[in-house]
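Report on the following structure.
The values are calculated or read from the model by the stated rules, or taken from the named source; none is laboratory data. Keep in mind the model is a prediction, meaning the values are calculated, not measured. All Cβ positions, even for glycine, are placed from backbone atoms using ideal geometry, and neighbour counts span all protein chains on display. Each accessible area value is taken on the protein alone, full model and side chains, heavy atoms only, with ligands, DNA and RNA left out. Shrake-Rupley method; radii C 1.70, N 1.55, O 1.52, S 1.80 Å.
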Amino acid sequence: MFHRGARLSRESVFRASAITTDGLTFLEKFDVIVVGAGPAGSTAAYLMARGGLKVLLLERGKSPGEKNIFGGRIYSHVLKRIFGNFGDEAPVERYVVRESLGLMTDSDCTLLDFSSRRRGTRDASSFIARRSRFDKWLSERAEAEGALLVTGTRVDDLYIENGEIRGIISAGESIDADCVVDAEGVSATLARRGGLRSDVLPGQVKVGVKETVKLSREQVNDRFSLEDDEGAASVFIGYPAGYLEASGAFIYTNSDSVSIGVVADPVKLSASRIEVQRLVEDFRLHPFMRRLLRGGSVIEYSAHMIPNSVPVAPENLVRGNFIAAGDAAGLFINHGFTYRGVDLAMASGEAAAKAVVAAHSSGGYSREQLASYHSHLAEAVLPELERAERGADVLHNPRIFSDYTHLISDFMSDLFSIDGFGHGSVSSILSENMKGKVSRIRMLRDMLSAYRKM
Amino acid sequence: MPGAAEREGRLSVEDRTGLDSYEFGGADFIRVDTAVCAGCDTRPCLYVCPAKVYKEDGARNLVYNPEGCMELGACVIVCRHIGKGAITWSYPDGGKGISYHYG
């Protein structure tokens with residue numbers, strides 16, 4: 001069907017024929033088109049190609065991953081299940097052995113810091129990666145299974161005929177397929193067009209802005225107490241995100257650089273008239289951060305939207321022969337202390353692949369046949385998302401991000417300051433700091449509520 | 001308030017976007033009906049765009065420059081629901097726009 005695909009350059013087609021065992025395969029209709037070679041799309045493409053389907057994987061970047069940015073961490077359970085010992089071949093920057101949670105005011109930082117050498121580094125539950133490398137690697141796994149990857153191709157629309165989704169449209173040319181897996185990412189243009197989602201609302205996304213700061217490998221190791229391929233992940237609330245609720249900041253250690261950034265709520269940013277670009281700079285210039293990053297220089301400035309909630313009833317993530325996965329389906333977990341997107345994307349790509357392969361072998365792609373996507377998601381991904389959604393209103397409690405952050409900071413400052421005799425007891429220091437600022441009853445209620453929901 | 005030493009190391013948005021790899025393929029992927037912006041008090045685009053594609057000139061007119069767009073798409077969402085719906089936005093053509101190395 002490439003005869004009409006003018007936008008698919010000759011070079012692409014040439015490359016396609018070079019990597020396809022049967023040079024003519026691509027002239028036939030594809031069983032499935034996957035939109036987007038990110039973690040969801042490439043996982044789906046890999047598994048569907050392995051299941052014997054003719055898969056076309058389309059990516060708007062010149063190379064998979066170049067348009068994608070995230071904080072920095074991937075929880076590896078899905079990757080392990082699909083690829084086994086991925087660490088031998090996947091582009092891992094560092095394995096996370098050290099985790100910290102920080103409360104920041106403009107001058108102070110209170111850290112809860114946990115490092116563990118209980119398991120071998122490579123058995124850590126998460127690792128830090130660069131998407132330009134990781135996504136590319138994953139797309140190459142899909143290609144190796146026979147999926148046809150075409151990059152530099154923006155999908156503009158679904159190809160719909162008589163109300164049926166027949167494929168996609170790119171630069172005015174249509175490409176046919178029996179089934180379309182939408183892994184286009186957070187903007188979810190096709191998902192909306194295909195009726196899987198309604199309009200994306202400002203409250204359903206967050207804005208993530210990141211700076212990559214160059215340090216040497218030794219500097220990263222020394223400043224974060226790491227060695228070899230050990231890595232550190234930190235999440236902060238309070239000052240770095242302008243004390244805005246449901247917002248935070250992060251640090252992830254790459255091999256020889258550090259990712260720092262801020263995740264903020266666009267509704268709060270707009271209402272408070274705070275520029276998100278300023279927040280990430282405030283964070284970088286915070287006294288705590290300046291000392292961690294001394295001598296380093298910013299080498300890249302990047303940003304992305306993050307989905308914030310599942311926008312529809314999950315059973316509506318399939319319609320006829322059209323399935324949404326990953327960020328396009330709104331699959332993301334933000335606990336305030338963890339951000340998870342890639343493992344959910346891969347798990348949903350896997351679920352989509354299972355449903356499509358089963359439908360293919362039963363000879364059709366009706367809604368009923370693809371409905372198993374929902375049951376695959378319901379096995380693992382959805383219960384976790386629902387738990388996170390229940391905890392979400394804790395993240396919208398402004399007292400946590402401002403009042404309690406200041407309270408704990410002041411309490412710590414007094415607790416550790418000895419300026420002579422007459423240092424009070426712990427409880428007297430606490431009640432002194434709470435006086436007139438925080439209601440005990442309300443704080444107790446907030447703590448209980450956070451404990452129950454999270 | 002941070003002291004003078006702590007203010008050092010400030011980078012403008014242009015300093016930062018200047019670090020990125022970018023292949024500009026034309027400006028028409030963002031279009032703004034700035035006449036509509038004249039009646040917009042909230043102007044959420046000014047706060048959510050990390051590249052400062054959207055700015056106000058000396059007379060508080062909204063001006064925009066798609067060069068440097070980091071391709072979030074947050075502007076169009078906040079404009080539609082918090083602002084006045086003046087922004088039309090799509091990703092740049094395939095293979096064009098920003099390329100991140102450390103994403």
Exercise. Hey, can you list the DSSP H helices of chain A whose Cα span along the axis is 15 Å or longer and whose average Kyte-Doolittle score is at least -0.5?
Worked result: A:39-50, A:342-361, A:372-395, A:403-416
Exercise. If R0 is 56 Å, what FRET efficiency do you get for A:Glu379 and B:Ser12 from their C-beta distance, rounded to 0.05?
Worked result: 0.70
Exercise. In Å², what does the accessible area per residue of region A:38-147 work out to with a 1.4 Å probe?
Worked result: 37 Å²
Seminar exercise, completed: Normalised per residue, the volume inside the convex hull of the alpha-carbon atoms of region B:28-99 in Å³ amounts to 79 Å³
Exercise. Beyond 26 Å, what share of the Cα-Cα pairs of region A:207-347 remains, rounded to the nearest whole percent?
Worked result: 33 percent
Exercise. Points 7 angstrom from Cα along the Cβ direction at B:Ala35 and A:Arg290: gap in nanometres?
Worked result: 5.0 nm
Exercise. Using a Förster distance of 51 Å, how high is the FRET efficiency between A:His423 and A:Arg217, based on the Cβ-Cβ distance and rounded to 0.05?
Worked result: 0.75
For this session: Could you pull the Rg and Dmax for chain A, using just the Cα atoms, both in Å?
Result: 23.9, 86
Exercise. What accessible area per residue comes out for region B:28-99, rounded to a whole number of Å², with a 1.4 Å probe?
Worked result: 40 Å²
Exercise. Roughly speaking, what is the stretch gain from A:Met434 to A:Arg390, that is 0.36 nm per residue apart minus the C-alpha to C-alpha distance, in nm to one decimal?
Worked result: 13.0 nm
Exercise. Nearest 100 Å², what total accessible surface is buried between chain B and chain A (probe 1.4 Å)?
Worked result: 4400 Å²
Exercise. What's the FRET efficiency of A:His335 with A:Ala171 using the Cβ-Cβ distance as r and R₀ = 41 Å, to the nearest 0.05?
Worked result: 0.50
For this session: Please report, as a whole percent, how much of the solvent-accessible surface of the protein assembly as shown comes from carbon and sulfur atoms (probe radius 1.4 Å).
Result: 51 percent
Exercise. Taking a spot 7 Å from the Cα of A:Met443 along the direction of its beta carbon, which residues of region A:389-403 have an amide N less than 20 Å from it?
Worked result: A:394-403
For this session: Write down the percent of antiparallel bridges among all DSSP beta bridges whose residues are both part of chain A, to the nearest 5.
Result: 70 percent
